[in-house]
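Q: Would you mind keeping the following structure in view while I ask a few things?
Just so it is clear, none of the values below were taken in a lab; they were calculated from the coordinates. Because the structure is a prediction, the values reported are computed rather than measured. Note: ideal-geometry Cβ built from the backbone for every residue, glycine included; neighbour counts use all protein chains shown.
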Amino acid sequence: MTAPILIFDSGVGGLSVVGALRTRLPGAPLAYVCDNAALPYGTKPDDWLVARIVAVCRAAVAASGARALVVACNTASTLALKALRENLSIPVIGTVPAIKPAAHASRSGVFGLLATSATVSRPYTQRLIAEFAPDCTVVRLAADRLVAQAERVLTGMPWDDAVITASLAPLWEASRLDTVVLGCTHFPLLREALVRHAPRDIVWVDSGDAIARRVAQVVFPAWHDTSESDASWASAAQQAGLARTLAGYGFSAPYSLALPATVSTF
Ligand code: DGL
């Protein structure tokens, strides 16, 4: 059995990145874990969350034999990526609010960040805004009640219009706001409701494809992408003519094969 890519979230939110992963990595085995006994994460204290997230992910990685962990949760990623990387020996790919793409997408320079109350107030999020949207006005809006709405919708129940209206209302006070970052992986699952409740055309930006691209880089260097050459490796990658020879067989220029320092050479 091929080791899967493990997707983790507090609930069903992580499913919003599965489509992008399947598109980017056709045929790659996936596994999913949710900590639904502790849902929602967005309103819980940081110290408790870090310990919980590490414990859940360690257990799930051991159970699934995963080759990589995708933390498909902004609330967990903006808090616990470092702790996860210290505690796991496989690659950990996080999800953070798509501030940079939103800053590019917004024509007015006024955009919203819709996320859990934890994510909107985290230093990590503040740093993203300072780095990638220094000239923008970012309306940060905690919308914890939308998490339960997404959980409802995915189990086939209708969303509650009153909750959606009330959750979004503060965004529309910024008359020039033209773009909204879906900074919680649950929210793309409510896209239809969000679009219906917006008073004007809005660009909704989520992190799904960016995560999938990152996973593709980390987990399967190049070979999954049929638009590119297959990857190759060599311990002496600079050998003259080698790259061209490999190219003739559909391979990209060779990566240098990293060998442990203890491996002897002539
Ligand atoms: N889906 C999660 C996120 O991206 C969190 C939802 C929650 O448990 O509060 O932030």
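Q: Between Arg107 and Glu192, 0.36 nm times their residue separation minus their Cα-Cα distance comes to what?
A: Fully extending the segment from Arg107 to Glu192 adds 28.3 nm.
Q: Same structure again: Can you run phi through the Karplus equation (6.51, -1.76, 1.60; θ = phi - 60°) for region 69-76 and list ³J(HN,Hα) in whole Hz, with x for Gly and Pro?
A: For region 69-76, the Karplus-derived couplings read 10, 9, 7, 8, 8, 5, 4, 6 Hz, x marking Gly and Pro.
Q: Which residues' amide hydrogens lie under 5 Å from the amide hydrogen of Ala31, considering only partners 5 or more residues apart or on another chain, with H built in the peptide plane?
A: Long-range HN contacts for Ala31: Ile5, Leu6, Ile7.
Q: At 10 °C and 1.306 mPa s, grab the translational diffusion coefficient of region 105-214 from Stokes-Einstein with a Kirkwood Rh over Cα pairs, rounded to a whole number in µm² per second.
A: Rounded, D is 111 µm²/s.
Q: What is the Cα centroid distance between region 117-192 and region 1-80, reported in whole angstrom?
A: 20
Q: Asp209 to Glu131: extension gain in nm, 0.36 nm per residue of separation minus the Cα-Cα distance?
A: Between Asp209 and Glu131, full extension yields 26.0 nm more.
Q: Given points 7 Å out from each Cα along the Cα-Cβ axis, report the Gln238 to Gln217 separation in nanometres with one decimal.
A: In this crude label model, Gln238 to Gln217 measures out at 2.5 nm.
Q: Something else: How do Ser10, Ser64, Ser207, Ser175 rank when sorted from fewest to most other Cβ atoms within 10 Å of their own Cβ?
A: If I rank by nearby Cβ atoms, fewest first, I get Ser175, Ser64, Ser207, Ser10.
Q: Relative to a virtual label point 7 Å from the Cα of Asp160 in the Cα→beta-carbon direction, which members of region 107-147 show backbone nitrogen distances below 14 Å?
A: Backbone N within reach: 144-147.
Q: Hey, another quick one. Run the numbers for Arg145 and Ala3: contour at 0.36 nm per residue of separation, minus the present Cα-Cα distance, in nm.
A: Here the answer is 47.6 nm.
Q: For region 5-14, what does the Karplus curve 6.51 cos²θ - 1.76 cosθ + 1.60, with θ = phi - 60°, yield as ³J(HN,Hα) per residue in whole Hz, taken in order and with x for Gly and Pro?
A: For region 5-14, the Karplus-derived couplings read 8, 9, 9, 10, 8, 5, x, 8, x, x Hz, x marking Gly and Pro.
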